[in-house]
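The values are calculated or read from the model by the stated rules, or taken from the named source; none is laboratory data. Please read all numbers here as calculations on a predicted model, not as lab measurements. Methodologically, a virtual Cβ is constructed for each residue, glycine included, from the backbone with ideal geometry; neighbour enumeration extends over all protein chains shown. Note: areas computed on protein heavy atoms with side chains; ligands, DNA, RNA excluded. Shrake-Rupley method; radii C 1.70, N 1.55, O 1.52, S 1.80 Å.
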Amino acid sequence: MLQKIDHIGIAVKSIEDARKYYENALGLKCEGVEEVADQKVKTAFFVVGGVHIELLEPTSPDSPIAKYLEKNPHGGIHHIAFLTDDVKSELKSVSEKGVVLINVEPKIGAHGKQIAFLHPKSTFGVLTELCQNGEC
């Protein structure tokens, strides 16, 4: 069962540049920067109202975030993530209802969360992530 919006992923060319906006203009505090090597991304998290804002900077020209930035050079909202207590069960459930999965099995993402993505062609154009606390 989905519990809440966990985070909103925002693609940026530079976390350091974007971080200044979130810290100086909005007054948010960065919780830390982390690289997720197998996703070819560096992340930075801010929290507001119990929802995290995740900045995503590509670490490789062939990363999904780099490809997103090629099409959207100013960056922007990349995905919305919903927290669940059982990501594998949610994947099975949405798949049975006709949703196309990008990830059939969860992967490990930032903060050691299990993550899996649903294809935007099945989610009205919104890249949707399901995530669960803890490792697979």
Evaluate region 58-72: report whether one residue or more is outside any helix (DSSP H, G or I), open to solvent by less than 20 Å² (accessible area, probe 1.4 Å), in contact (Cβ under 8 Å) with a residue 12 or more places away in the chain and not aromatic (Phe, Trp, Tyr).
-> yes
What number of residues within region 91-136 are under 24 Å from PRO58 (Cβ atoms) and either hydroxyl-bearing (Ser, Thr, Tyr) or assigned to a helix (DSSP H, G or I) (or both)?
-> 7
Within region 15-45, the residues that are under 16 Å from the mean Cα position of the chain (by Cα), closer than 22 Å to LEU127 by Cβ and not aliphatic (A, V, I, L, M) are GLU34, GLU35, ASP38, GLN39, LYS40, LYS42, THR43, PHE45
Tell me which residues, restricted to region 109-122, are open to solvent by 30 Å² or more (accessible area, probe 1.4 Å) and either closer than 14 Å to ILE77 by Cβ or among the small types (Gly, Ala, Ser) (or both).
-> PRO120, SER122
From the option list GLY49, GLY76, GLY125, single residue qualifying as touching a residue at least 60 places away in the same chain (Cβ under 8 Å) and either under 22 Å from LEU2 (Cβ atoms) or open to solvent by less than 30 Å² (accessible area, probe 1.4 Å) (or both) is GLY76
Considering only residues of region 7-39 that are in contact (Cβ under 8 Å) with a residue 60 or more places away in the chain and part of a loop (DSSP other than H, G, I, E, B), which is most open to solvent (accessible area, probe 1.4 Å)?
-> LYS13
Can you tell me which residue among LYS88, LYS4 is in a strand (DSSP E or B) and under 25 Å from LYS121 (Cα atoms)?
-> LYS4
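Using the structure shown, decide if SER95 is open to solvent by 20 Å² or more (accessible area, probe 1.4 Å) and among the small types (Gly, Ala, Ser).
Considered against the rule, which asks whether it is open to solvent by 20 Å² or more (accessible area, probe 1.4 Å) and among the small types (Gly, Ala, Ser), SER95 comes out as yes.
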